[in-house]
Amino acid sequence: MPIYEYQPEREKGCDFCSDGFEMLRKISERRLLTCPQCGVAVERVISAPNLTKSSPSLDTANLEKHGFTQYRKSGKGVYEKTAGKGPKVISGD
């Protein structure tokens, strides 16, 4: 469920809505037109989303712990193992 931000349209609202407020609402719910406490007309404010991206750690200990093998290119067609199980070198020859 998204969190929507609202502000009073024209007139001063109550303590709850005068500086704006946030409300957790389902997308399928009808649009909020008035303050839930005082009934003053409100409008939804567009705000920046809060996006977080946590990517897994690619350090060698973490890769080995989860059973992965990592190779780094060391030359033309040659890869050396840096983490995990498997051959120490892979080459195209």
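Bear in mind that the values in this text are calculations on the coordinates, not laboratory data. Bear in mind the structure is a predicted one, so any value in this text is a computation, not a measurement. FYI the Cβ positions are ideal-geometry reconstructions off the backbone, even for glycines, and counts take in every protein chain you see.
Summed over segment 2-27, the residues that are under 22 Å from the mean Cα position of the chain (by Cα), exposed (fewer than 10 other Cβ atoms within 10 Å of the Cβ) and assigned to a loop (DSSP other than H, G, I, E, B) give a count of 3.
Filtering segment 69-78 for residues that are of a type in the set (F, W, Y), touching a Lys or Arg at 6+ places or on another chain (Cβ under 7 Å) and in contact (Cβ under 8 Å) with a residue 12 or more places away in the chain leaves a non-empty set.
When you go through (1) farther than 30 Å from Y6 by Cβ; (2) surrounded by 10 or more Cβ atoms within 10 Å (Cβ to Cβ) one by one for S47, which number turns out not to apply? Failing condition for S47: (1).
Checking the structure you have, find out if any residue of segment 36-45 is free of Cβ contacts under 8 Å to residues at least 60 places away in the same chain, on the phi < 0 side of the Ramachandran plot and within 25 Å of the chain's Cα centre (by Cα). Scanning segment 36-45, I find at least one residue that is free of Cβ contacts under 8 Å to residues at least 60 places away in the same chain, on the phi < 0 side of the Ramachandran plot and within 25 Å of the chain's Cα centre (by Cα), so the answer is yes.
Looking across segment 57-79, the residues that are assigned to a strand (DSSP E or B) and surrounded by 15 or more Cβ atoms within 10 Å (Cβ to Cβ) come down to Q70, Y71, Y79.
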